[in-house]
Amino acid sequence: MKLFLFCAIFCLATPFYTKAQTTADIVQTLEEKYNWSRAKVIEESVTINGPSEMFTRIMADKRSFDISTFSYLSSYLGKYFDKVYGTDILNSAEKTSVNTTAEQKAACAKEISKIAGKFHITLNAKGVKLTDNSYELSMTTLTTIGEFLNPERGVGVALGWRPIAKKVAITINTLNRTGQPVVKWSKDFSACTIDLPIVGDTNYSSIILAGLKKGGKI
């Protein structure tokens, strides 16, 4: 009887189970709302570890800090990879945005695969409470990094900055406290950690940009 009741309760509860959202959901949404190539760039080079509420807000597509943040980021990253690593992602991406044939997807995927393991951004935001401020600071930091890497304008790659290390991993750790962000590079400049306080309403962009510059040279 007890076993029967347990099974009955489990069966009733199952339809209400919601799968935890991940970076893969951002990738899928990018493909649906923008194009396949932008989604693949994010899939290869960005990981978001955050609470379910963060993904809900990203998918809501109602504010400036939503899925469009990742669309812009993918564009900046594509331009950066082409400029620094000599890929041909943008040219391939333009073709897949018009006609996503199997051959064109394969050509674009081949170009994107060339940057596998060479550059990655990870946002760790699971350990703090999601507020308007913490969410917007997290999204703004991603955008700031993207703008720094944009070879067409900005104070980073556009002015000749190039990474010292051949492979770079940037990790953003959100912290439930006040203060200024701290940008640290490993001795070989292959790993960059951004400790990001999310309590308070401060524009951190200039501090983050100054910290990113230290991992490269002009």
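Scanning the stretch 130-150 for residues being of a type in the set (S, T, N, Q), open to solvent by 10 Å² or more (accessible area, probe 1.4 Å) and within 14 Å of Glu53 (Cα to Cα) gives a total of 2. The set of residues from the stretch 176-210 being more than 21 Å from the chain's Cα centre (by Cα) and among the basic types (Lys, Arg) comprises Arg177, Lys187.
For the stretch 162-175, the count of residues that are buried (at least 16 other Cβ atoms within 10 Å of the Cβ) and on the phi > 0 side of the Ramachandran plot is zero.
Quick grid of which residues meet (1) open to solvent by less than 40 Å² (accessible area, probe 1.4 Å); (2) over 17 Å from the mean Cα position of the chain (by Cα); (3) modelled with pLDDT under 90:
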site: Lys2; (1), (2), (3): no, yes, yes
site: Phe10; (1), (2), (3): no, yes, yes
site: Pro15; (1), (2), (3): no, yes, yes
site: Thr22; (1), (2), (3): no, no, yes
site: Ser37; (1), (2), (3): yes, no, yes
site: Lys40; (1), (2), (3): no, no, no
site: Thr47; (1), (2), (3): no, no, no
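Being open to solvent by 60 Å² or more (accessible area, probe 1.4 Å), modelled with pLDDT under 85, over 17 Å from Ala125 (Cβ atoms) and not aromatic (Phe, Trp, Tyr) narrows it down to one of Glu103, Glu31, so name that one. Give the derivation first.
Working: Glu31 fails: modelled with pLDDT under 85.
The unique qualifying residue is Glu103.
Close contacts from the stretch 166-183, counting a first residue that is without any contact (Cβ under 8 Å) to a residue 24 or more places away in the chain and among the polar types (S, T, N, Q) and a second that is outside any strand (DSSP E or B) and open to solvent by less than 40 Å² (accessible area, probe 1.4 Å), with Cβ to Cβ under 7 Å and a gap of 6+ residues or different chains, come to Thr178/Gly200.
The values are calculated or read from the model by the stated rules, or taken from the named source; none is laboratory data. Owing to the predicted nature of the structure, the values given are computational and were not obtained by experimental measurement. Neighbour counts run over all protein chains shown; Cβ positions are idealised from the backbone, glycine included. Each accessible area value is taken on the protein alone, full model and side chains, heavy atoms only, with ligands, DNA and RNA left out. Shrake-Rupley method; radii C 1.70, N 1.55, O 1.52, S 1.80 Å.
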